[in-house]
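Enquirer: One structure is given below, represented as structure tokens, and several questions about it will come after.
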Amino acid sequence: MTIIAAIDENNAIGNDNQLLWHLPLDLKRFKSLTQNHVVVMGRKTFDSLGCPLPNRLNIVISSNADYKVPENVLLFNSLSEALESALSKDSNPYIIGGGTIYRQAFEYADTLEITLVHTRIEMTDTYFPKIDFSKWNKIFEEFHPKNNKHLYDFRFITYQKKI
Ligand SMILES: NC(=O)c1ccc[n+]([C@@H]2O[C@H](COP(=O)([O-])OP(=O)(O)OC[C@H]3O[C@@H](n4cnc5c(N)ncnc54)[C@H](OP(=O)(O)O)[C@@H]3O)[C@@H](O)[C@H]2O)c1
């Protein structure tokens with residue numbers, strides 16, 4: 001399975017249940033990579049989205065069995081049940097966050113789709129796990145300079161786990 005995340009140079013990914021930036025090209029890449037796949041996320045990330053991501057089966061993890069999700073969204077009370085369901089429906093499901101889910105799912109991922117945003121945001125409360133680069137091969141990298149629609153330089157990087 002694949003973990004997809006946008007991180008800053010301190011591995012920060014969020015603050016106050018919000019993203020830290022608006023990068024249209026990153027959103028476009030997120031959409032095109034995850035389109036027609038299963039996406040797995042924590043309850044807080046689902047809350048922050050406000051509605052299910054279209055054209056993807058949304059799987060949400062919460063310890064609250066009574067948490068209400070729309071009809072077309074699957075809710076599981078444990079990571080293992082969520083991942084088992086995701087893998088039964090898609091050979092390459094995407095883990096889309098947030099911090100607690102990235103940490104728990106990290107060991108099961110064989111691919112990381114990272115958007116590295118070249119900044120260190122001041123106010124942050126949620127982080128991506130530290131990547132042990134000795135365990136991952138970089139197989140793709142693409143730099144994008146800041147412009148009038150993108151406040152920061154950023155790069156797309158794909159890592160594949162070494163076998
Ligand atoms: N930059 C990025 O790429 C990116 C991507 C996604 C999210 N984010 C940001 O990340 C932040 C949210 O991340 P977060 O770490 O606070 O929350 P989260 O991982 O999205 O969700 C945490 C919640 O998931 C449930 N959960 C987690 N592990 C569980 C388990 N093993 N069993 C049962 N339920 C479990 C719990 O829900 P209950 O409390 O309901 O039990 C927990 O409170 C936001 O700021 C968001 O914008 C950033």
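The values are calculated or read from the model by the stated rules, or taken from the named source; none is laboratory data. These numbers were taken from a predicted model, which means no experiment stands behind them. Cβ placement follows ideal geometry from the backbone for every residue including glycine, while neighbour counts extend to all protein chains displayed. Heads up: the accessible areas ignore ligands, DNA and RNA and are worked out on the full protein's heavy atoms, side chains in. Shrake-Rupley method; radii C 1.70, N 1.55, O 1.52, S 1.80 Å.
Enquirer: Taking interchain pairs and intrachain pairs at least six residues apart, which have beta carbon atoms under 6 angstrom, with the first residue in region 107-127 and of a type in the set (S, T, N, Q) and the second open to solvent by 30 Å² or more (accessible area, probe 1.4 Å) and in a strand (DSSP E or B)?
Expert: T111/Q160; T124/N15
Enquirer: If we keep just the residues of region 1-30 that are acidic (D, E) and open to solvent by 20 Å² or more (accessible area, probe 1.4 Å), which is farthest from F156 (Cα to Cα)?
Expert: Within region 1-30, the match that is farthest from F156 (Cα to Cα) is D16.
Enquirer: A further question on this structure: Do we have any residue at all in region 115-131 that's open to solvent by 50 Å² or more (accessible area, probe 1.4 Å), farther than 26 Å from H22 by Cβ and at pLDDT 95 or above?
Expert: No, the conditions are met nowhere in region 115-131.
Enquirer: Determine the pairs where a residue that is open to solvent by 30 Å² or more (accessible area, probe 1.4 Å), located within region 64-87, has a partner that is at pLDDT below 95 with Cβ atoms under 7 Å apart, the partner being 6 or more residues away or on another chain.
Expert: N77/A65
Enquirer: Every residue in region 47-67 that is within 11 Å of the ligand (Cβ to nearest atom) and farther than 22 Å from Y127 by Cβ, please.
Expert: N64, A65, D66, Y67
Enquirer: Which one of these does L27 not meet: (1) of a type in the set (A, V, I, L, M); (2) more than 10 Å from the ligand (Cβ to nearest atom); (3) farther than 30 Å from E142 by Cβ?
Expert: Of (1) of a type in the set (A, V, I, L, M); (2) more than 10 Å from the ligand (Cβ to nearest atom); (3) farther than 30 Å from E142 by Cβ, only one is false for L27: (3).
Enquirer: Please indicate, with yes or no, whether at least one residue in region 133-151 is open to solvent by 30 Å² or more (accessible area, probe 1.4 Å), out of contact with any helix residue (DSSP H, G or I) (no Cβ under 8 Å at 6 or more places or on another chain), within 15 Å of the ligand (Cβ to nearest atom) and not aromatic (F, W, Y).
Expert: Looking for residues that are open to solvent by 30 Å² or more (accessible area, probe 1.4 Å), out of contact with any helix residue (DSSP H, G or I) (no Cβ under 8 Å at 6 or more places or on another chain), within 15 Å of the ligand (Cβ to nearest atom) and not aromatic (F, W, Y), one finds at least one in region 133-151, hence yes.
Enquirer: Find the residue count for region 113-153, including only residues that are under 16 Å from the mean Cα position of the chain (by Cα) and outside any loop (DSSP other than H, G, I, E, B).
Expert: Qualifying residue count, region 113-153: 7.
Enquirer: Continuing with this model, one more query. Being modelled with pLDDT under 95 and among the small types (G, A, S) narrows it down to one of A109, A105, A86, A65, so name that one.
Expert: Sole residue among the options that is modelled with pLDDT under 95 and among the small types (G, A, S): A65.
Enquirer: Which residues, counting only those in region 31-46, are within 25 Å of T124 (Cα to Cα), open to solvent by 50 Å² or more (accessible area, probe 1.4 Å) and more than 8 Å from the ligand (Cβ to nearest atom)?
Expert: Once the filter is applied, which keeps residues that are within 25 Å of T124 (Cα to Cα), open to solvent by 50 Å² or more (accessible area, probe 1.4 Å) and more than 8 Å from the ligand (Cβ to nearest atom), region 31-46 yields only K31.
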